[in-house]
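Every read-out reported here was derived from the displayed coordinates using simple, explicitly stated rules and does not represent laboratory data. Nothing here was measured: the structure is a model prediction, and the numbers come from that model. Backbone-built Cβ (ideal geometry, glycine too); neighbour counts: all protein chains shown.
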Amino acid sequence: MQTKNHLFITYEGETFSSDEMKKRASSFYAWADKRRSVRDFSDKPVPKEVMEDLIMTASSAPSGAHKQPWTFCLISNASLKSKLRELAEEEEKKSYEGRMSEEWLEDLEPLGTNWVKEFIDIAPWIVVVMKRAYELNEDGTKHNNYYVAESVGLAAGFFLMAVHNAGLVALTHTPSPMNFISKALNRPENERPFLLIPVGYPAENAQVPALKRKVKEEVIHYYE
Ligand code: IYR
């Protein structure tokens, strides 16, 4: 392969023999399959530099036109966490007690969720993932971002895997509506909350729902 032009550098990822590739793919799957959304957190501290590495892993995700249209709010301040909990619970109570359909509530039953969100107080870190719809130029005009939801979803996925790799747990929490977050965190107009993710150690004997994942015949449709 010839050098394309001065904007390109040589790709430096590794490749493996077929046998090694098979071993790596299957052991990575087995490891990834152990990841769970956990709601029972310990309050044991997690170093800030660990959180920074997890977030920078997230920020290595691909994004539309490489705009990286995200901001990660990294929160450990106890009074801010309890304010977020209070506001999230206010919305969630309304959702669980009226805004969500019967069908939805039934679908959530196996997860055992309710409007009480004590994990926001307990987990040592709350990461609020913000999506940035556009950037502001110096003259105040707007510069668009592209495929923002797809990009930020990918970054959130990378983040969850980084958390799992560090032996920590997380929960993708979606209080709804989420606009209270923008206000509480004083975020600019071009950002919208995407996910609220508590991160920490699991509580001792943390419980998770006994879920089964779809098998490959259910998720892969082959065209050979
Ligand atoms: N946002 C609520 C409800 C909820 C919705 C779905 I879809 C879930 O998978 C889990 C919960 C909550 O966080 O409790």
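In whole angstrom, how long is each semi-axis of the equivalent ellipsoid of the stretch 142-192, when you take the square root of 5 times every eigenvalue of its Cα gyration tensor and sort them from largest down?
Details: eigenvalues 113, 56, 18 Å².
Here the semi-axes work out to 24, 17, 9 Å.
If you take the Cα centroid of the stretch 196-212 and the Cα centroid of the stretch 11-66, the two points sit 17 Å apart.
Suppose R0 equals 30 Å. What FRET efficiency, 1/(1 + (r/R0)^6) with r the Cβ-Cβ distance, do LEU111 and LEU74 give to the nearest 0.05? Approximately 0.70, to the nearest 0.05. Look at MET100, MET51, MET1 and count the other Cβ atoms within 10 Å of each Cβ; fewest to most, that gives MET1, MET100, MET51. Scaling the Cα radius of gyration of the chain by the globular reference 2.2 N^0.38 Å produces a ratio of 1.16. The stretch between TYR11 and SER101, if pulled fully straight at 0.36 nm per residue, gains 27.5 nm over its current Cα-Cα span.
So for each of 156-167, 121-132 I average, over its residues, the number of other beta carbons within 10 Å; can you give me the resulting order with the highest mean first? Mind dumping the intermediate values first?
Numbers: 156-167: 18.2, 121-132: 21.7.
For the peptides 156-167, 121-132, the packing ranking is 121-132, 156-167.
When the helices in the chain are scored as -39500 (n - 2.57) per DSSP H run of 4 or longer and the sum is shared across all residues, what 222 nm value do you end up with, to the nearest 500 deg cm²/dmol? It lands at -11000 deg cm²/dmol. Ignoring lysines fewer than eight residues from LYS212 along the same chain, the ones with Cα atoms less than 18 angstrom from its Cα are LYS34.
Within the straight-line cut-off of under 18 Å between alpha carbons, the aspartates and glutamates reachable from LYS142 are GLU189, GLU191, sequence neighbours fewer than 8 places apart in one chain being disregarded. Ordered by the count of other Cβ atoms within 10 Å of each Cβ, fewest first, THR141, THR15 give THR15, THR141. Each 10 Å bin from 0 upward holds the following percent of the Cα-Cα pairs of the stretch 66-159: 14, 28, 35, 19, 3, 0. Taking the fewest neighbouring Cβ atoms within 10 Å as the starting point, the ordered list for THR10, THR113, THR71 is THR10, THR113, THR71. For the stretch 42-135, the set of GluC sites (Glu not before Pro) satisfying both a DSSP loop assignment and a count of at most 16 other C-beta atoms within 10 Å is given as GLU118.
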